[in-house]
Amino acid sequence: MGCRFFVTQAVYDVTSTKSLLSDYALAVDKTGGVPLPIILTFSPCGSEKTLSFMKWLGIAFPRWLENDLQSARDPLPKSLELCEQIFAEVLDYAEDKGIPLGVNVESVSIRKEEIEASVELLHLLRRRIER
């Protein structure tokens, strides 16, 4: 019966995500269809080990963002800040293109701090959606 929504891998690259949304908006426009929701996945990154694992999973990190995480005194709050900034920018772009967005937050780590941070991130992104 077809797909009713799409789910992304964890988002850390604003440019690639906006390019995906742009291509999707153009394709929907070309076919005269209605855009289906895209669920963006966000995952906190609180350590070098988690960053390495996320890269192994195939998650793309722009070099500047990877540098910011690696040089942060505590990468976990920095990760939450960056995820919120990325989501805000992508949400604005998607709204401009008429693409409905949702959010999926997951932890790829078994560390308690990162699991708790995923709950905090969900609340941050929910507040951003409700604005």
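The values are calculated or read from the model by the stated rules, or taken from the named source; none is laboratory data. In this text the structure is predicted, and so the values were computed from the model without any measurement. Note: ideal-geometry Cβ built from the backbone for every residue, glycine included; neighbour counts use all protein chains shown.
Structure summary
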{"item": "Residue count, the stretch 79-112 (criterion: at pLDDT below 95, over 14 Å from the mean Cα position of the chain (by Cα) and surrounded by 14 or more Cβ atoms within 10 Å (Cβ to Cβ))", "result": "2"}
{"item": "Checklist (1) modelled with pLDDT of 95 or more; (2) loosely packed, with under 13 Cβ neighbours inside 10 Å applied to Arg127, failing item", "result": "(1)"}
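Residues checked against (1) modelled with pLDDT of 95 or more; (2) farther than 26 Å from Asp96 by Cα; (3) polar (S, T, N, Q); (4) surrounded by fewer than 16 Cβ atoms within 10 Å (Cβ to Cβ):
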position	(1), (2), (3), (4)
Ser19	yes, no, yes, yes
Ser22	yes, no, yes, yes
Thr31	no, no, yes, yes
Glu48	no, yes, no, yes
Gly58	no, yes, no, yes
